[in-house]
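Novice: Structure below; questions to follow.
The values are calculated or read from the model by the stated rules, or taken from the named source; none is laboratory data. All values derive from a computational prediction rather than experimental measurement. Cβ coordinates were reconstructed from backbone atoms using ideal geometry, including for glycine residues, and neighbour counts include every protein chain displayed.
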Amino acid sequence: MPETAIPIVDLSCFRTGDAVTRRDAAKRLSEICEGAGFFYLSGHGVPPDMLTQIFKEARRLFSLPLEERLRIPATVDHYRGFMQTGARIYGPKGRSDLMEAFKMQMELPPDDPDLLAGKPLHQPNKWPACLPGWREAVLDYYAEMDRVTHELLLAFALALDLDEDYFAPFFKKPLTQLSLLHYPPQPADTPEDQFGIRPHTDTSAFTLLLQDDTGGLQVRPVGQDWIDAVPIPGTYVVNIGNMMARWSNDRFISTPHRVINRSGRQRFSVPFFANPDYDAVVECLPTCQSAANPPRYEPLAVGPYMLERFTSNWKQPKAA
């Protein structure tokens, strides 16, 4: 692995290591999450050909004519499918990120009780009809990311001095989201405050990001300036999200990050957002509070929080 300002964590230490190895790996992971809040993940076990294939599928989708992609639109009322550049606006200047996206979540069968009941955020995915094998490839990748998510939840539990299966009940029917992102090259005269993705922290418990070799992702650890998250082949970039920060009483840090694509070529990335179940409640962990360090946040109902995040900042009004 190359030298980098962002540390590297080997997930296989938690999967196959003995008790001492797992304890030492958990201690190091805790130190990283209390500091940078970002790390590269190796040893995840995702087959290299699957990493290659998901980028091929992203290029297949974003190479379609715009009118074809707009047949499966993500909307304020149904946040799955294709989201074109400019669909959402941010900040006082009302700018949009220079990025387009495809978004999907857990595939629900037609007879799913939450889907039939119209439970918020429990909806069918939208799939392009003109790309044979595309749906199957994306679902296979989603399933693999679900596996990695649960292994990483085990590692985070150990790093937070909890039983390793502590987080499992919060991720039984999760609102995890897979996004395929496409960033056109930003023109040289693009204003300094125009981004591929604006500076932000993630809503999720954590995010697993697969990025291509274009570069452009930057992170800002506490007390530092922006640094580049240089692409390392075969790894994910993992960042702590706002829900894990709340769970840990800010022991684990949700670090700002952004994307600026001045490479002169297209950039693709595939983030996987680890969001708990709709009915889960995030409240301060017992190992992250004391008389001297009481909980900083009220308990957070995940479903309403995610619904607000998914439906904010749209140009398109919400249906009556």
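Novice: Just give me the residues in region 264-320 being basic (Lys, Arg), closer than 27 Å to HIS150 by Cα and surrounded by 14 or more Cβ atoms within 10 Å (Cβ to Cβ), in sequence order.
Specialist: Scanning region 264-320 gives a single hit, ARG309.
Novice: A further question on this structure: Give region 65-89 a look and list any residue that's buried (at least 16 other Cβ atoms within 10 Å of the Cβ) and either within 19 Å of ALA137 (Cβ to Cβ) or aromatic (Phe, Trp, Tyr) (or both), or say none.
Specialist: Of everything in region 65-89, those that are buried (at least 16 other Cβ atoms within 10 Å of the Cβ) and either within 19 Å of ALA137 (Cβ to Cβ) or aromatic (Phe, Trp, Tyr) (or both) turn out to be ARG69, ILE72, TYR79, ARG80, GLY81, PHE82.
Novice: What number of residues within region 129-142 satisfy the criterion of being among the hydroxyl-bearing types (Ser, Thr, Tyr) and surrounded by fewer than 16 Cβ atoms within 10 Å (Cβ to Cβ)?
Specialist: Adding up the residues that qualify gives 0.
Novice: Let me ask something additional. If SER179 meets every condition in (1) closer than 22 Å to GLY91 by Cα; (2) touching a Ser or Thr at 6+ places or on another chain (Cβ under 9 Å); (3) among the hydroxyl-bearing types (Ser, Thr, Tyr) apart from one, which number is that one?
Specialist: So the condition that SER179 fails would be (1).
Novice: Determine which single condition PRO185 fails, assuming it passes every other condition in (1) surrounded by fewer than 16 Cβ atoms within 10 Å (Cβ to Cβ); (2) at pLDDT below 95.
Specialist: Here PRO185 meets the rest and fails (1).
Novice: I would also like to ask the following. Identify the single condition in (1) out of contact with any helix residue (DSSP H, G or I) (no Cβ under 6 Å at 6 or more places or on another chain); (2) not in a helix (DSSP H, G or I) that LEU131 does not satisfy, given that it satisfies every other one.
Specialist: (1)
Novice: While we're on this one: Would you mind telling me which numbered condition in (1) crowded, with 19+ Cβ neighbours inside 10 Å; (2) touching a strand residue (DSSP E or B) at 6+ places or on another chain (Cβ under 6 Å); (3) modelled with pLDDT of 95 or more ASP97 fails?
Specialist: (3)
Novice: Quick one: how many residues across region 53-101 are within 17 Å of PRO271 (Cβ to Cβ), charged (D, E, K, R) and part of a loop (DSSP other than H, G, I, E, B)?
Specialist: Qualifying residue count for the region: 2.
Novice: Could you tell me whether any residue of region 285-297 is within 17 Å of PRO120 (Cβ to Cβ), at pLDDT 95 or above and among the hydrophobic types (A, V, I, L, M, F, W, C)?
Specialist: no
Novice: So ASN239 clears everything in (1) crowded, with 24+ Cβ neighbours inside 10 Å; (2) out of contact with any helix residue (DSSP H, G or I) (no Cβ under 8 Å at 6 or more places or on another chain); (3) of a type outside the set (Ser, Thr, Tyr); (4) not in a strand (DSSP E or B) except one condition, right? Which one?
Specialist: It is condition (4) that ASN239 fails.
Novice: Out of SER42, SER63, report the one residue that is hydroxyl-bearing (Ser, Thr, Tyr), modelled with pLDDT of 95 or more and out of contact with any Gly (no Cβ under 9 Å at 6 or more places or on another chain).
Specialist: SER63
Novice: Continuing with this model, one more query. Output the residue which, of all residues in region 108-128 that are acidic (Asp, Glu) and assigned to a loop (DSSP other than H, G, I, E, B), is surrounded by the fewest Cβ atoms within 10 Å (Cβ to Cβ).
Specialist: In this case the residue turns out to be ASP111.
Novice: Okay, moving on. Taking region 243-263, which residues are surrounded by fewer than 18 Cβ atoms within 10 Å (Cβ to Cβ) and polar (S, T, N, Q)?
Specialist: If the condition is that a residue be surrounded by fewer than 18 Cβ atoms within 10 Å (Cβ to Cβ) and polar (S, T, N, Q), then SER263 is the only one that fits.
Novice: Which residues, counting only those in region 192-228, are surrounded by fewer than 22 Cβ atoms within 10 Å (Cβ to Cβ), of a type in the set (A, V, I, L, M) and not in a strand (DSSP E or B)?
Specialist: VAL222
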